[in-house]
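Here the structure is laid out as structure tokens; the discussion comes afterwards.
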Amino acid sequence: MHRLTMTWDALTGASNRIGEWIAPLALRIVLGWEYYESGREKFRGENWFGQVQDRFPWPFSVVPPDVSWFLATWTELIGAICLLIGLFTRFWAFSLIVLTIVAIAAEHWPVSYDNLSELLQGYVITDQGFGNYKLPLIFVVMLLPLLFTGAGKASMDHLLHQRLHR
């Protein structure tokens with residue numbers, strides 16, 4: 001039994017050490033790509049925030065649509081690049097979580113629903129009249145490990161931490 005636990009500890013220890021590099025890096029790459037694509041669409045597109053601003057939660061609902069558009073676009077573009085390289089990851093993870101929650105409230109949440117069953121119909125990728133909050137909710141969940149545990153060892157944050165603590 002002792003040999004089995006030693007083997008298990010060796011395997012999980014190696015997996016944990018690899019995971020400190022690979023797991024957060026994989027999250028950062030996927031999320032960085034997705035948020036960059038979204039920011040690039042806003043950068044190249046026309047501002048439609050005026051059409052949904054009344055659905056923004058307070059205090060975002062009192063910000064002029066042009067300012068909201070600018071902030072959302074550049075938060076997605078700069079935040080995505082910083083996620084990719086792992087720079088100020090916790091700050092950008094938090095910022096993107098806030099941005100995504102506002103997007104869920106304004107654009108992805110069902111306009112109305114009568115019961116939990118109808119609300120759960122919005123947990124889809126395409127809108128069938130009940131919202132489509134599945135993908136942004138998945139992004140929020142994927143950002144949580146980056147917010148709480150950081151960018152991992154394959155990041156600028158890790159390099160900066162090492163340099164500052166020498």
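The values are calculated or read from the model by the stated rules, or taken from the named source; none is laboratory data. Fair warning: this is a prediction, and the values are worked out from it, not measured in the lab. So basically every Cβ, Gly included, is an ideal-geometry build from the backbone, and we count neighbours across all protein chains shown.
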### Message
Residue under question is residue 149, and the condition is that it be of a type in the set (Ser, Thr, Tyr), within 19 Å of residue 29 (Cα to Cα) and surrounded by fewer than 19 Cβ atoms within 10 Å (Cβ to Cβ); does it hold?
### Response
yes
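State yes or no: is residue 83 surrounded by 19 or more Cβ atoms within 10 Å (Cβ to Cβ), assigned to a helix (DSSP H, G or I) and hydrophobic (A, V, I, L, M, F, W, C)? Show your work before the answer.
Values: surrounded by 19 or more Cβ atoms within 10 Å (Cβ to Cβ): yes; assigned to a helix (DSSP H, G or I): yes; hydrophobic (A, V, I, L, M, F, W, C): yes.
Judged against the criteria, residue 83 is a match.
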### Query
Restricting attention to the range 19-59, and to residues there that are of a type in the set (A, V, I, L, M, F, W, C) and more than 20 Å from residue 144 (Cα to Cα), which single residue is modelled with the lowest pLDDT?
52
#### Entry: Every residue from the range 99-151 that is part of a helix (DSSP H, G or I) and in contact with a Gly (Cβ under 7 Å, 6 or more places away or on another chain)
108
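Please find, among 55, 28, 17, the residue that is of a type outside the set (A, V, I, L, M) and closer than 15 Å to residue 106 by Cα.
Details: 28 fails: closer than 15 Å to residue 106 by Cα; 17 fails: closer than 15 Å to residue 106 by Cα.
Matching residue, one of 55, 28, 17: 55.
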### Query
Only one of (1) assigned to a helix (DSSP H, G or I); (2) within 20 Å of the chain's Cα centre (by Cα); (3) buried (at least 16 other Cβ atoms within 10 Å of the Cβ) is not met by residue 43, so which one is it?
(3)
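Return the only residue of 88, 94 being surrounded by 14 or more Cβ atoms within 10 Å (Cβ to Cβ), out of contact with any Phe, Trp or Tyr (no Cβ under 7 Å at 6 or more places or on another chain) and on the phi > 0 side of the Ramachandran plot. Give the steps one after another, and end with the answer.
Working: 94 fails: on the phi > 0 side of the Ramachandran plot.
The unique qualifying residue is 88.
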### Query
Quick one: in the range 106-152, which of the residues that are touching a residue at least 12 places away in the same chain (Cβ under 8 Å) and of a type in the set (Ser, Thr, Tyr) is farthest from residue 48 (Cα to Cα)?
149
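Which one is nearest to residue 158 (Cα to Cα), of the residues in the range 70-111 that are small (Gly, Ala, Ser) and at pLDDT below 95?
Step one: filter the range 70-111 for residues small (Gly, Ala, Ser), giving 72, 79-80, 86, 93, 95, 103, 105-106.
If we keep only those that are at pLDDT below 95 as well, we get 103, 105-106.
On the way: 103: 30, 105: 34, 106: 35 Å.
Filtering first and then ranking leaves 103.
Residues in the range 152-166 that are over 15 Å from residue 25 (Cα atoms) and either assigned to a loop (DSSP other than H, G, I, E, B) or small (Gly, Ala, Ser) (or both): how many?
Taking the range 152-166 and keeping what is over 15 Å from residue 25 (Cα atoms), we get 160-166.
Subset that is either assigned to a loop (DSSP other than H, G, I, E, B) or small (Gly, Ala, Ser) (or both): 165-166.
Residues that pass the stated criteria total 2.
Please go through the range 53-75 and give me each residue that is β-branched (Val, Ile, Thr) and not in a loop (DSSP other than H, G, I, E, B), ordered by number. Even if it seems obvious, please write down each step before you answer.
The initial filter retains those residues of the range 53-75 that are β-branched (Val, Ile, Thr), namely 62-63, 67, 73, 75.
If the condition is that a residue be β-branched (Val, Ile, Thr) and not in a loop (DSSP other than H, G, I, E, B), then 62, 67, 73, 75 are the ones that fit.
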### Message
Here are the criteria: (1) in a helix (DSSP H, G or I); (2) in contact with a helix residue (DSSP H, G or I) (Cβ under 8 Å, 6 or more places away or on another chain). Tell me which single one residue 22 does not satisfy.
### Response
(2)
